[in-house]
Structures are given as structure tokens and as C-alpha cells.
Amino acid sequence: MKSVHLVCSPELIMLLSRSLEHEGYVISGKHSTLHSFISGFSSKEVDPSSIVIMEGGAGLGTPVKAEDIISFMTLIRKYLKHTRLIVQLDPVLQTDIEFIRTLVNMNIHDLQFTTEFQGDDLLNWIKEKKTTRDYYHILGKKKGLFASFKGSSSRAASDAAVEEAASAPPRPVESLTRPQPAVGSRTVADAANRRPSVAPRSSAGSTPPRLGPPARKETPSLAEAETLESLEQSIPVEEESMPAANTRILGSNVPLVIGVCGVGGEEDVGAAAFLLAAGLAELGWKPLVCGDDRPEISSLEQIVFKGEKEDSVSTMFEYEGVTFYRRGYSWDISELLASEFTHIILWVDIHRERKGTSGLELWWNSQIPILVGNGAMWKYELLKEKLNTLNPYERKRCRLLLENGHQEVLQMLKKDFAEIQTTLMPAHQDPLYPDKAAVEWVMKLLTVQKKLFRKQTLLWGIVGMVLFVTLLLIGIGFSFVPESR
């Protein structure tokens, strides 16, 4: 028997729990705000095996900001790594692509963009489990990128013919980065606005009338804000007199995810990933590099642990200000999004299969997808042919880095593909030790600025200030000591 945990206003809890219990579900827990739900982690009030159905803005006041929802979902996913979360959201957020992308990256797929729902809708939400495929039409295709260049031309032509026959009507520009919609597939709008009809029930279990979530005016109390020690800096302890509209989450910034891969699978993607990470570290940020089975990371690991016993506990190590995920350990992007890193660089190979989420899906769902291509003149036609598999929107979203590139190739690309952001990688002796020009290139590429104060610099500044004040007070004290006669 499946259990359900409800996180919504008291009125909806009363109405919806009755409908769910009538259908045989067990209500394992009830919370009226996201604050109290998170505080339930410490008291074991939340069963990880339950399905959690929640209002995305429960207890946050109106209007609800997308960044506040992301902050809460990041904390929730950190402690409920595999729990199925069904989130009801304002339809306004349905057009926020980056908001949807962030939640999908956290493996939160059951997003319901509607403000009017009833018990039957909840039953449909539970039965119709969503996946990443439900968001292909929003986020773009994640299967078959550059597929025509991995197989023979005849096979590519036959696949294209089958795709064209299966799709109706044909599109003017068909990209290899989005799959053909299956017959009967539903969109997010369908899930929000068109529910499958359910036969009416008896009066004892009659469906409550449709209603929207009531205005959330309650303010989380001090008791609700108390939670696990690790969450105390993330959840503010709020005064009862504080208006709910001023509620905000502290210390829960989601890292920026940067996906880096090669156009043809033969480029030196590691040099680009290391150069970006080292440049960010030089600017005072805290980047993390994750790669699948990368010998280059193993080489750095051997340098770091040289002369020491093999560390079988640590999953990461730091080198020259950059943190790397160790080669022998698997990582999960939803967990990394809840970390304290400012940037996560995913060094993936979209041309090879990987365990878990595919490299192509990880790369395309990143906030900044970067392609690394060979900029040699004699390889230009092959590079052009592969870029033609992307439609203008997809080329506009990607950023192309050219290794061994020349200005002539760059000018030709800007003429043939005006929408794609193309740049030449700077010359470097070692990507982990970028010079001033390379750091400025990273700043321009990622539109980041140098942090004013690094943590270590700030610490030394505080120590120096305390020492200066101490010496000053001692000097003032000596000046008031009367001279001996």
C-alpha cells in the first residue's frame, strides 16, 4: 500500500487527504509549510519511501519567487535523494525554462503547473509519472546529437526517412538534438489543463469542489525554523512579527552547471575543462570538475596523494584551488546541486554510453552547454557539417570553443553560423596555470567577475585588523600611564 506525504495549506490537507484515503492511500505525514516540512527531517517525521505532494510555495507568501522554490527544493532533494516529489506550481513559471531545467536536473520531474486541482487530479498525478522526456519540447532534444556522423551515411539516411514518415506534420527545421514526439505523448500544458476523466464516486467519498490554494499569510514560527544543524545556516530563524512576504532563504545558492564536451569526441576537452576551472579559481570562485573515467584526473590524484596511503574515504580532492571528483567514484548531479560549490563543470562524452543519466542529457540540461571543436582549416567542412545538425535555437544556446583555431576559421564560422557564440581558446602551456590573458578570457566567456574578497584573504584581513586594534589600544594605554617621579 503506497503512502503519501502532503505539504500544503491546512484546508487542502483536509480535503485532499480524504480523497486519497478513499482510494486506499495512506497519509504518512502532513505539513502546512515548506519550513515545517524540512524541520521534519530531524524528528524523523518524513518517510523517504512516501510520495511527497506539495504546493511549491507553501508558507512562502505571494507572489512566490522561482529562486525561493529552487532553494527549498535543493535542500529537500539533499536529504530526500530518491523520494518522488510531485510539485504544484503557478502556471506563470511554466515559461521559465531555466527554472524547469534546474528542477529537472535535481530529478524533480513531476511538475504540475496549475492553481486549480482536486482529488481526482492528485490521483492522475500519482499514476502518470513524468520523466525527462516530458520536457524535451521545452529543454530540447537529448538523444541522437551528431548521430549521423557516428554511423554510415546510408544508415543515417534510412533513419531520417523513418523519422520523417513517423512525424506529422513535417517541421521546416528538424534538429537531431530533439526526439520526435511519440503518438499520444502529453505536454506539460496537457498535464496542467487537460486531465483524464474519472468516474464519479459515491457521496461518502465525493470529490471536493475545485479550489485554488488560499493566500498564504502565515509566518513560519521559531519552532518551524529549527531543523538539522546543517540546515541552520540555510533556513532563517524568523520572528513571528515578520511578514511572510519578506521570507527568504540564506546560503542556498544553486551552483552554475557548465557542460563541456567535444564535437566529434576526439578533441582535447580536458584542457578546456581545466582552463575554465583554473580561471574560476583564480578569480576567487569555488569550482568542481566531474568527469567519467578520466586518466587526467587520476594523474592529478596521484600527485595530491603522493607519499600517502591510498585514501578510500574521500570522494574529492583539491589541486591548485580546483576541486576534482575522484575517478573511481560515481557522482550524482542532484546531490552536487546541493553542495557549496559555485560552479560545477561536467566533463562528459556525449558519444559514449554512461551508467545512469546519459552524458548527452547532462550536457544539454546544463546552464551553459559548451562544445569544443577543432579549429584547423582542413577540418572546417567536417565541423560545419556537424554544426548543421543543430537548429538556430540550439546553436544560439551552445558556446563553441575552438582549439588550434585561426582567425580565418572564426570569421568563416561567424559568416555561416551567425547565431552561435564562437571563440578561440587562448594559448597556454598548462591549463591548470592560466596566465592573465587566459583568466580574462574565462571572465568574458562565462560573464563572471573577480570576487572582491576570497575567504582566506578575508580571514587574514580580519586577523590583521584585530592585531592592529590591539596594538593601538596598548599604545593608548601606555600614553595614559603617569610618569614616575
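Yes/no per residue for (1) out of contact with any strand residue (DSSP E or B) (no Cβ under 8 Å at 6 or more places or on another chain); (2) in contact (Cβ under 8 Å) with a residue 40 or more places away in the chain; (3) basic (Lys, Arg):
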site: Pro287; (1), (2), (3): no, yes, no
site: Pro295; (1), (2), (3): yes, no, no
site: Tyr319; (1), (2), (3): yes, yes, no
site: Trp331; (1), (2), (3): no, yes, no
site: Leu337; (1), (2), (3): no, yes, no
site: Ile344; (1), (2), (3): no, yes, no
site: Arg352; (1), (2), (3): yes, yes, yes
site: Gly356; (1), (2), (3): yes, no, no
Can you name the residue in the range 35-54 that is of a type in the set (Gly, Ala, Ser) and open to solvent by 10 Å² or more (accessible area, probe 1.4 Å) and, of all such residues, is farthest from the chain's Cα centre (by Cα)?
Ser43
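So which of Phe41, Phe37 is at pLDDT below 90, in contact with a strand residue (DSSP E or B) (Cβ under 8 Å, 6 or more places away or on another chain) and among the aromatic types (Phe, Trp, Tyr)? So that I can check it myself, show each step before the final result.
Values: Phe41 fails: in contact with a strand residue (DSSP E or B) (Cβ under 8 Å, 6 or more places away or on another chain).
From the options Phe41, Phe37, the qualifying one is Phe37.
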Residue count for the range 372-406, restricted to those that are under 13 Å from Phe417 (Cβ atoms) and not β-branched (Val, Ile, Thr)
20
Could you list, in sequence order, all residues of the range 80-104 that are open to solvent by 10 Å² or more (accessible area, probe 1.4 Å), in contact (Cβ under 8 Å) with a residue 40 or more places away in the chain and not hydrophobic (A, V, I, L, M, F, W, C)?
Lys81, Arg84, Gln88, Pro91, Gln94, Glu98, Thr102
Identify, from the list His82, His31, the residue that is within 19 Å of Leu12 (Cβ to Cβ) and not hydroxyl-bearing (Ser, Thr, Tyr).
His31
The residue that is farthest from the chain's Cα centre (by Cα), considering only those in the range 340-356 that are assigned to a loop (DSSP other than H, G, I, E, B) and at pLDDT 85 or above, is Asp349
Go through the range 264-293 and report how many residues are in contact with an Asp or Glu (Cβ under 8 Å, 6 or more places away or on another chain) and either assigned to a loop (DSSP other than H, G, I, E, B) or open to solvent by 20 Å² or more (accessible area, probe 1.4 Å) (or both).
5
Matching residues in the range 294-336 - criterion: being at positive phi and open to solvent by less than 90 Å² (accessible area, probe 1.4 Å):
Gly307, Gly321
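Quick check on the range 5-34: of everything there that is more than 19 Å from Lys127 (Cβ to Cβ) and part of a loop (DSSP other than H, G, I, E, B), which residue is most open to solvent (accessible area, probe 1.4 Å)? I'd like the intermediate steps shown before the answer.
Taking the range 5-34 first, the residues more than 19 Å from Lys127 (Cβ to Cβ) are 7-15, 29-34.
Okay, now just the ones that are also part of a loop (DSSP other than H, G, I, E, B), so 8-9, 32-33.
On the way: Cys8: 6, Ser9: 10, Ser32: 32, Thr33: 0 Å².
Only one residue tops the list, namely Ser32.
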Here the qualifying pairs (Cβ atoms under 9 Å; residues six or more apart or on different chains; first in the range 387-408 and under 15 Å from Pro426 (Cβ atoms) and without any contact (Cβ under 8 Å) to a residue 24 or more places away in the chain; second open to solvent by less than 90 Å² (accessible area, probe 1.4 Å) and of a type outside the set (Asp, Glu)) come out as Gln407/Leu424
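What are the residues in the range 406-433 that are part of a loop (DSSP other than H, G, I, E, B) and closer than 30 Å to Leu139 by Cα, if any?
Taking the range 406-433 first, the residues part of a loop (DSSP other than H, G, I, E, B) are 406, 417-420, 425-433.
Those that are part of a loop (DSSP other than H, G, I, E, B) and closer than 30 Å to Leu139 by Cα: Phe417, Ala418, Glu419, Ile420, Met425.
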Considering the range 446-455 alone, what residues qualify as being open to solvent by 60 Å² or more (accessible area, probe 1.4 Å) and not polar (S, T, N, Q)?
Lys450, Lys451, Leu452, Phe453, Arg454, Lys455
Met1: modelled with pLDDT of 85 or more, among the hydrophobic types (A, V, I, L, M, F, W, C) and in contact with a strand residue (DSSP E or B) (Cβ under 7 Å, 6 or more places away or on another chain), yes or no?
no
Can you tell me which residue in the range 375-391 is surrounded by the most Cβ atoms within 10 Å (Cβ to Cβ), limited to those that are aliphatic (A, V, I, L, M) and assigned to a helix (DSSP H, G or I)?
Leu383
Qualifying positions in the range 392-445 - over 13 Å from Leu276 (Cα atoms), among the basic types (Lys, Arg), within 26 Å of the chain's Cα centre (by Cα) and open to solvent by 90 Å² or more (accessible area, probe 1.4 Å)
Lys396
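The values are calculated or read from the model by the stated rules, or taken from the named source; none is laboratory data. Computed from a prediction, not measured in an experiment: that's the story for all the values here. No Cβ is skipped: glycine too gets one built from the backbone with ideal geometry, and neighbour counts run over all protein chains shown. The accessibility values were calculated without ligands, DNA or RNA, using every heavy atom of the protein model including side chains. Shrake-Rupley method; radii C 1.70, N 1.55, O 1.52, S 1.80 Å.
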